[in-house]
Amino acid sequence: EKRVFLMGHSNGGFMSYRMACERADLIAGIVSLAGAMPFDTSSCTPTEPVAVAQVHGTADGTILYNGLLATAVTAGYPSASDSLGFWVDHNGCDITPETPDAIDISAELGNETDIAAYPSCTGGAAELWTMNLASHIPGLNPEFPVKAMEFLLAHPKP
C-alpha cells in the first residue's frame, strides 16, 4: 500500500498526472513519459505529496516539450518543466535543481538524458528527465525501466 506507482506514455502520462492529482492518498509516485499536467491546475488538489518524474524528448512533435497553447481547435498543455513545476511547489522542494550526470535511456542517442532533480522536498520528489533530441516514441533501451523503477522505489509513501 506504500508503493502504488503509475507509469504512462503520452495519454498514459496525462492519466498518471490525473491520478496523482485525484488520488494522492493512494499514489506514491508516477513517471510520465511525454505526458503533461493541465494548464488549469485548479482541479488538481492532491491531499499528499507524490513523487513525480517527467520524462520528455526535446524533439517530440506530438506532445511538445515546450508545451502548446490552447486554441479553439486544440486543448493546450504546459511545458515539461511547467508540468513538473506544480509538483516542485506542492512537494515543498527547493526550486534550484541538482544536475547529476546525464544518463542513457535511449537505444539510439547515448547519454542523452539530462536530469534536473529538485532536492529537499518535504514529501515526495520531483525530477525532470530531458531526453535531448528524442522523439515522441523514443527507442528506449533496457536502462529506462530500471532507472524509472529506481526512482519510484526510492519514494514510497511514509
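The values are calculated or read from the model by the stated rules, or taken from the named source; none is laboratory data. Since the model is a prediction, treat every value here as computed from it, not as a measurement. Every residue, glycine among them, receives a Cβ derived from its backbone with ideal geometry; neighbour counts consider all protein chains shown. Accessible surface is based on the protein model in full, side chains and every heavy atom, while ligands, DNA and RNA are left aside. Shrake-Rupley method; radii C 1.70, N 1.55, O 1.52, S 1.80 Å.
With K and R counted +1 and D and E -1, the other residues having a Cβ less than 15 Å from that of residue 36 yield a net charge of -2. What the phi angles of the stretch 148-158 give under the Karplus curve with 6.51, -1.76 and 1.60, with θ = phi - 60°, is a coupling list of 5, 5, 4, 4, 4, 5, 6, 10, x, 5, x Hz, glycine and proline written as x. Remark: the stretch 23-33, residue by residue, has Karplus-estimated 3J(HN,Hα) of 9, 4, 5, 9, 8, 7, x, 9, 10, 10, 9 Hz, where x stands for each Gly or Pro and the curve is 6.51 cos²θ - 1.76 cosθ + 1.60 at θ = phi - 60°. The calculated FRET efficiency for the pair residue 43 and residue 143, based on their C-beta separation and a Förster distance of 35 Å, comes to about 0.50.
About the centre of its Cα atoms, the stretch 52-158 shows a dipole size close to 360 debye [charges on the beta carbon of Lys, Arg (+1) and Asp, Glu (-1) only; nearest 20 debye].
Antiparallel beta bridges, as assigned by DSSP with both residues in the stretch 1-114, represent about 15 percent of the total such bridges. Helices in the chain, meaning DSSP H runs of at least 4 residues, each add -39500 (n - 2.57). Divided by all residues, the mean residue ellipticity at 222 nm is -6500 deg cm²/dmol.
Computed with a 1.4 Å probe over protein heavy atoms only, the accessible area of residue 88 comes to about 10 Å².
The accessible-area ordering, largest first, of the residues 25, 101, 60 stands as 101, 25, 60, per a 1.4 angstrom probe. Simple rule: put +1 on each Lys or Arg Cβ and -1 on each Asp or Glu Cβ in the chain, find the dipole, and look at 51, 71, 26; the Cα lying farthest toward the positive end is 26. Cβ-Cβ distance of residue 94 and residue 133, R₀ of 25 Å, FRET efficiency by 1/(1 + (r/R0)^6): the value works out to about 0.30. For the stretch 1-47 versus the stretch 112-136, the spacing of their alpha-carbon centroids is 15 Å. The alpha carbon convex hull volume per residue for the chain rounds to 99 Å³.
Accessible area of residue 42 (1.4 Å probe, protein heavy atoms only, ligands and nucleic acids ignored): about 80 Å². Taking 7 Å steps out from each Cα toward its Cβ at residue 68 and residue 3 produces label points 3.7 nm apart. Rounded to the nearest 20 debye, the dipole magnitude of the stretch 1-112 is 380 debye, with +1 charges on Lys and Arg beta carbons, -1 on Asp and Glu beta carbons, and the Cα centre as origin. Each other residue within a Cβ distance under 11 Å of residue 104 adds +1 if Lys or Arg and -1 if Asp or Glu, for a net charge of -3.
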